[in-house]
1. Here is a check on your reading of the model: is residue B:18 part of a strand (DSSP E or B) and either under 26 Å from residue B:113 (Cβ atoms) or over 26 Å from the mean Cα position of the chain (by Cα) (or both)?
2. Tell me whether the range A:246-258 contains one or more residues that are assigned to a loop (DSSP other than H, G, I, E, B), touching a residue at least 12 places away in the same chain (Cβ under 8 Å) and crowded, with 22+ Cβ neighbours inside 10 Å.
3. Just to verify a result, which residue in the range B:174-189, among those that are surrounded by fewer than 19 Cβ atoms within 10 Å (Cβ to Cβ) and part of a loop (DSSP other than H, G, I, E, B), is farthest from the other protein chains (Cβ to nearest Cβ)?
4. Quick check on my filter: what residues within the range B:261-279 are in contact with a strand residue (DSSP E or B) (Cβ under 7 Å, 6 or more places away or on another chain) and either assigned to a loop (DSSP other than H, G, I, E, B) or without any contact (Cβ under 8 Å) to a residue 40 or more places away in the chain (or both)?
5. Scan the range B:190-205 residue by residue and report those that are more than 28 Å from the chain's Cα centre (by Cα) and either more than 7 Å from chain A (Cβ to nearest Cβ) or part of a helix (DSSP H, G or I) (or both).
6. Of the residues A:63, A:36, which single one is within 14 Å of chain B (Cβ to nearest Cβ) and either under 26 Å from residue A:106 (Cβ atoms) or surrounded by 13 or more Cβ atoms within 10 Å (Cβ to Cβ) (or both)?
7. Since residue B:293 meets every condition but one in (1) within 14 Å of chain A (Cβ to nearest Cβ); (2) modelled with pLDDT of 95 or more; (3) outside any loop (DSSP other than H, G, I, E, B), which condition does it not meet?
8. Between B:400, B:349, which is in the same structural domain as residue B:259 (by TED's automatic domain parsing) and closer than 28 Å to residue B:268 by Cα?
């Protein structure tokens, strides 16, 4: 079964949102267009629309997260859904309950949607296969696999600033090997037609045969970001030094840290993105993170609109299907 | 008791025989193929018209799960499932609980097997205590209890000195070491073959180098120690050449590949299908083809089932949290025949690799129909079509990718030591 098979219903509409891989371009564009419609909601005095009134969304976080969980929480609330936040890492699994049992218990609470973050790749896919037919699953990040709403909010941010994907050069810099954000970015941007997509990093942080996904690999930052329209920097985890993938954070910053000087190699109007949380002085210099080309905080804002769009599309489809 | 297995296509690779003939058996031994010895009259006749009569299969690494994991499988049930699948001998792996590192566990398993009335069960002992790779198991005591070889399975021995000593001590005890070669450090975090699929799915990879390095390391140490070494379940194309070269230098080394590794590649994992979570991992198409070719040329001696039955929960989790292994007895014959039909190798090679060669690797008599050989045989219908369903599976393990798949070829009867251990109800 392909990822797309499980994500789409018989009419090709979104039923779960597990991975961007395999989804058609028209559907990604539809998500972006719907997010445009939801974006103004956040600017209003009353930041709520009644679309999902009476529906229950459960945030199941098997791995700690602040930003993603908060923005999913806000997105659901702005759609007037009831929200249940469950930090499962700290509860059931420590008592030895299996994932399948945890899911059955949550199903019994009559939720309509699970937003799932899990440290193991494929967890969201597994959960989508397991849940009762009336429950939809949104992947809030699974292991190193995908983080599809992040991929879509990055695409949304890029479209807001650069309009046409088919003319862009985009570089993704840093720890691609361990990054679910990078994988979702690559899938989204390739599907949306970006012709020049690059990944930049030392060989220890670039996963094998990533070229198969239609990207060019650079191990030199200057070459990798030259004339780019967008530079996406990835977070570097401290563990990478412990597992001998890198010598030190200092050396990483010297070779791959995005500084104002280096950013001048990209196009003058290039934008700088980061999925957060940022390590200042490791993957990005403060002057760049806080500079005029940075759109890092806009990404956070847009994340709410994109997540509203995905939730509304899935539960809206479901409501239609139920009525029919 | 004298049996005439009448009119079957008798395939006996050791004697270069492949043709319709009668097989004559007496008191658990082969008397003759072809014409009856002068004056012999059979007490019983088995009509094998239209069927193939072959020496029974051997699995060099069956995880029989008992003691310790009876929720996955039991020795008795798996021994019967093996018999129904054409196996006359299976080797129980030492990853039980407690581990087979002392004679008591060996005796326990042999006792359960003896009363099962299925395939003959042989026992592999642990190379190190608890399979922990630190302290040598009491190899002489294990041998006295009846183990036919020693293995540390997929628990790679980190310490090269321990490995060196284990090989040398096993050589003194005159026991074959059965190795699943994998470098500990390159393999420890991985779950699938390292390459485009591990990158796409975001699953930590195990590079082919993990196996190839271990093959070189173990060949070097075994040569120095004079140990008899068998590599089990090879997965990487590049593992074959060093083994062939070592054999050419006169080293006592053999190898097998699991049937699953001849059928599937890492691409079959698709989107996290846990049925394809195996150890060693499924690799690329080039590896699969090179391994099949190595079977065809004899560079790889044997094809194993590598039977690993699991309970349902062991596979009901996200890929990385599932247990590796595939339940393979029930589909072994038709899948092997499909490889033959696909041109990977001929039928005589397939049967030789599943029967004669593993007998030789274990130093056991059998795997052929020379006069005096044990009456260990399977009779199968090579054209019978059937579909894999819950009802047809005799192993406890439901962890097979063949559910609802049509198969061609089915075992009709299996004899171990002159006794029928399986006869299909017609």
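1. So residue B:18 does not fit the description; no.
2. yes
3. Taking the candidates together, the pick is B:174.
4. Scanning the range B:261-279 gives a single hit, B:278.
5. Within the range B:190-205, B:196, B:199, B:200, B:201 meet the criteria.
6. A:63
7. In the conditions (1) within 14 Å of chain A (Cβ to nearest Cβ); (2) modelled with pLDDT of 95 or more; (3) outside any loop (DSSP other than H, G, I, E, B), residue B:293 misses (1) alone.
8. Exactly one residue qualifies, and that residue is B:349.
The values are calculated or read from the model by the stated rules, or taken from the named source; none is laboratory data. No experiment lies behind these values; they were computed from the predicted model shown. Backbone-built Cβ (ideal geometry, glycine too); neighbour counts: all protein chains shown.
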